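Beneath this line is the structure, given in structure tokens, with notes to follow.
Computed from the coordinates by the stated procedures, all read-outs in this text should not be read as laboratory data. Please read these numbers as outputs of a predicted model, since none were measured by experiment. As a convention, Cβ positions derive from the backbone with ideal geometry for all residues, glycine included, and neighbour counts pool all protein chains shown.
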Amino acid sequence: MSSTKTELLLLAAGQSARFAGIKQLAEINGQPMICHCLSKFRQGNEWMVGLANGHVVLGANIEVIIKVLPKTISTFFAQSWQQGIGHSLAESIQVLSAQTTHVLVGLADQINITQSQIEQLLATSKQNPQLIIAAKYNQSLGVPAIFPRTYFSQLASLEGDRGARLLLRKYPQQTISICMPEAAFDIDTRHDLNNI
């Protein structure tokens, strides 16, 4: 089993046009949504075991969102955030350390994912370092997902609203899926928020 160094990119750059407000700051269990989702990758003030580091990728409303994040958290401003999640992810690949072997791509609005599910992704990646590890929900592969360095250049060339799922569709034979129905629910509208 080879040594792995995994970093998190938690994508939170969008404007949330359908939400009619700053979605990342919507209250979930008494804290801003972005902090609630970030906590799934943390143990207290540290990254969970298996995560070497992490970065929150911001774009729209960065000035107000950055204020609610812990001061110790690394943030990355995706200048092309208006062009879609693909651009934000592609641009943020550059923030990863040269020693990083894997990237864990997560979304800051998948509020039902559990810490144990993230741990399962990380453990499976450590056991299968050459493969992509992805959540499976709604009969398809999606994020959160872990990509080996082999795929970094392809992630860095994503565009528009086509995010990591594009690669998951392209490489099903190189992907191990983890059943994660909780990942199917994300917050897009006020109606979604009211239904939790």
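Tabulated data for the structure shown
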{"read-out": "Theoretical FRET efficiency, 1/(1+(r/R0)^6), r = Cβ-Cβ of S140 and K5, R0 45 Å, to 0.05", "value": "0.95"}
{"read-out": "Under 5 Å, built H, 5+ apart or other chain: amide partners of L107", "value": "L11"}
{"read-out": "Residue-count net charge about V105 - beta-carbon cut-off 12 Å; Lys, Arg +1, Asp, Glu -1", "value": "0"}
{"read-out": "Cross-link reach list, lysines versus K126, counting only Cα pairs under 21 Å and skipping chain neighbours closer than eight places", "value": "K5, K40, K136"}
{"read-out": "Charge context of C35, other residues only, Cβ under 14 angstrom, K/R +1, D/E -1", "value": "+3"}
{"read-out": "Kirkwood Rh (inverse of mean 1/r, distinct Cα pairs), the chain, angstrom", "value": "16.6 Å"}
{"read-out": "Semi-axis lengths (Å, descending) of the ellipsoid that matches the C-alpha gyration tensor of the range 101-196", "value": "23, 16, 11"}
{"read-out": "Beta bridge orientation in the chain: antiparallel %, DSSP, nearest 5", "value": "35 percent"}
{"read-out": "Label point at T72 placed 7 Å out along Cα→Cβ; residues across the range 9-25 whose backbone nitrogen lies under 20 Å", "value": "9-10"}
